[in-house]
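The values are calculated or read from the model by the stated rules, or taken from the named source; none is laboratory data. In this text the structure is predicted, and so the values were computed from the model without any measurement. A quick note on method: Cβ atoms are made from the backbone with ideal geometry, for glycine too, and the neighbour counts reach across all protein chains shown.
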């Protein structure tokens, strides 16, 4: 598994680097100009606080790549604090101020359809980042959601071993308002159906740990915690809520529980034995591809040389898309993926409370 994970990361990085080189070959970033002069790029994220994934990784990586490609570009970044209305107001404000291109990670992809349409009407292209917003999107960058779900399902089955066929699984899915959540779910079901009994499946109203805690508590009350042999949690936030519900119910040992996003707290739970795995999505290739798309669109260029596939949303077909490969990570893979890529240091992962577990995992 270690070798496969390392190979996937290496191949993905090489592929994205080649694609970016083709897209920008011979074109100086400082030449990017709109009719008014210097280009302004709007970066709209659902949350950008230091504790969030987007604040810790996506925002600085996107901004850094934009400045590399276009030193004279102005970058405006916003944090919607996971509020749909706030993000809509931010988009309206940016359009009023005259941005040239938007990179949008939508709080609610469906709710932002009218805002994307408004941008399109003003000649402002929108790059959908990580989540496919509805409306006339000009480009899209994300990780293959089907692969994410399959990786989670396959890992869960391995962890359950002989209990997989006759045991009971609970699925803790993301919200139906996020198209990625459905993508992850379909990928997981393609692996789990016929190979395990899905006793309960929850489509949470949001990605919050508290929501998952409430739903998992309901599953424990209905099924009995000792009768739950595995939980497919769609991301690390939901996994945290699942784990807290088991703890409140006094269930030990915990069944194998999946996750996604390789958040530091999720990685620490994996080291400590509370969470079985996570799905690592190397953020730099994603951020680089989005920034490159934005700069190309601001120059009036097509994305044919950059996008390796096409996808549709509810209103627009054949959206130029870059799909990246996710990497499943269990405790034995942490050093050769997350640490090697510089996402976290050993010191960040291995707190004093986890020192013994880190020693056992070969991290120290």
Quiz prompt | Qualifying positions in the stretch 36-59 - in a loop (DSSP other than H, G, I, E, B), over 13 Å from the mean Cα position of the chain (by Cα) and at pLDDT 90 or above | solution = 39
Quiz item: Can you name every residue in the stretch 162-180 that is touching a strand residue (DSSP E or B) at 6+ places or on another chain (Cβ under 6 Å) and crowded, with 17+ Cβ neighbours inside 10 Å?
Solution: 168, 169, 170, 171, 172, 173
Quiz item: Is there a residue in the stretch 192-199 that is in contact (Cβ under 8 Å) with a residue 60 or more places away in the chain, out of contact with any helix residue (DSSP H, G or I) (no Cβ under 7 Å at 6 or more places or on another chain) and either assigned by TED's automatic domain parsing to the domain that holds residue 128 or part of a loop (DSSP other than H, G, I, E, B) (or both)?
Solution: no
Quiz prompt | Which numbered condition residue 287 fails, given (1) under 21 Å from residue 226 (Cβ atoms); (2) buried (at least 23 other Cβ atoms within 10 Å of the Cβ); (3) out of contact with any strand residue (DSSP E or B) (no Cβ under 7 Å at 6 or more places or on another chain) | solution = (1)
Quiz item: Given 98, 139, 135, 123, which one is in contact (Cβ under 8 Å) with a residue 60 or more places away in the chain and more than 23 Å from residue 286 (Cβ to Cβ)?
Solution: 98
Self-check item: Matching residues, the stretch 68-87, being over 11 Å from residue 41 (Cβ atoms), in contact with a helix residue (DSSP H, G or I) (Cβ under 6 Å, 6 or more places away or on another chain) and surrounded by 20 or more Cβ atoms within 10 Å (Cβ to Cβ)
Solution: 80
Quiz item: With (1) crowded, with 24+ Cβ neighbours inside 10 Å; (2) assigned to a loop (DSSP other than H, G, I, E, B); (3) over 18 Å from the mean Cα position of the chain (by Cα) as the list, and residue 133 as the residue in question, which single condition is left unmet?
Solution: (3)
Quiz item: Conditions: (1) touching a strand residue (DSSP E or B) at 6+ places or on another chain (Cβ under 8 Å); (2) under 20 Å from residue 306 (Cβ atoms). Residue 65 meets all but one. Number of the miss?
Solution: (1)
Quiz item: Which condition number in (1) within 18 Å of the chain's Cα centre (by Cα); (2) modelled with pLDDT of 95 or more; (3) part of a loop (DSSP other than H, G, I, E, B) is the one that residue 261 fails?
Solution: (2)
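Would you confirm whether or not the stretch 305-322 contains a residue that is more than 24 Å from residue 117 (Cβ to Cβ) and assigned by TED's automatic domain parsing to the domain that holds residue 63?
yes
Suppose we keep only residues that are assigned to a helix (DSSP H, G or I) and touching a strand residue (DSSP E or B) at 6+ places or on another chain (Cβ under 9 Å) within the stretch 68-87. Which one would you say is farthest from residue 291 (Cα to Cα)?
The residue in question is 86.
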Quiz item: Across the stretch 207-222, what is the total count of residues that are at pLDDT below 95 and over 22 Å from the mean Cα position of the chain (by Cα)?
Solution: 0
Quiz prompt | In the stretch 171-191, the residues that are under 16 Å from residue 258 (Cβ atoms) and assigned to a helix (DSSP H, G or I) | solution = 180, 181, 183, 184, 185, 186, 187, 188, 189, 190, 191
